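Each value in this text was obtained by applying a stated rule to the coordinates, not by laboratory testing. Keep in mind it's a predicted model, so treat the numbers as computed, not measured. Cβ placement follows ideal geometry from the backbone for every residue including glycine, while neighbour counts extend to all protein chains displayed.
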Amino acid sequence: MVDSEPSPKIGQIVKVTKGRDCNQYSIIVKLLDHRFVSVADGDKRKVDRPKKKNINHIKLVDYISEEVSNSFDETGRVTNGKLRYAISNFLKQELLLQEGE
């Protein structure tokens, strides 16, 4: 059986599609198993209390934050400030792409 779904990666930005945080962006901070990941945004959802999300309830965005993934590789953790910075960077790029169309 070939898995056609892209697999989530640490540092990847996701859009929440179900629940209280619907339509908000977060970053994957931990892969729990084949169905669940932990996400945080550094603001309402801090990295020390990430939200466990079913991958069916999030939309994987084709964008992995280099700062976040490098921080996990180097130190095994990430700061809330880096998460906020990565999300704001991503949103700025999205806005620029939409204006360019």
Worksheet entry | Simple spin-label estimate for T79 and K18 in nanometres, 7 Å along Cα-Cβ | 3.6 nm
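First select every other residue whose beta carbon is under 9 angstrom from the beta carbon of S26; then total the charges, Lys and Arg +1, Asp and Glu -1.
Values: positive: K15, R45, K51, K53; negative: D21, D41.
Net charge around S26: +2.
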Response to the item:
Here, F36 and K52, labelled 7 Å along Cα→Cβ, have an inter-label distance in nm of 0.2 nm
Worksheet item: Of [x] 148; [y] 114; [z] 160, which is the value of volume of the Cα convex hull per residue in Å³ derived from the coordinates here?
Response: [y]
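Averaging sequence separations of C-alpha pairs under 8 Å and six or more residues apart, then dividing by the length of the range 12-100, give the relative contact order as a whole percent.
Numbers: 133 pairs, mean separation 24.6, N = 89.
With pairs under 8 Å counted, the relative contact order is 28 percent.
Just to be sure I understand: of the beta bridges DSSP finds with both ends in the range 12-100, what percent are antiparallel, rounded to 5?
Values: 15 of 15 bridges.
Around 100 percent antiparallel, to the nearest 5.
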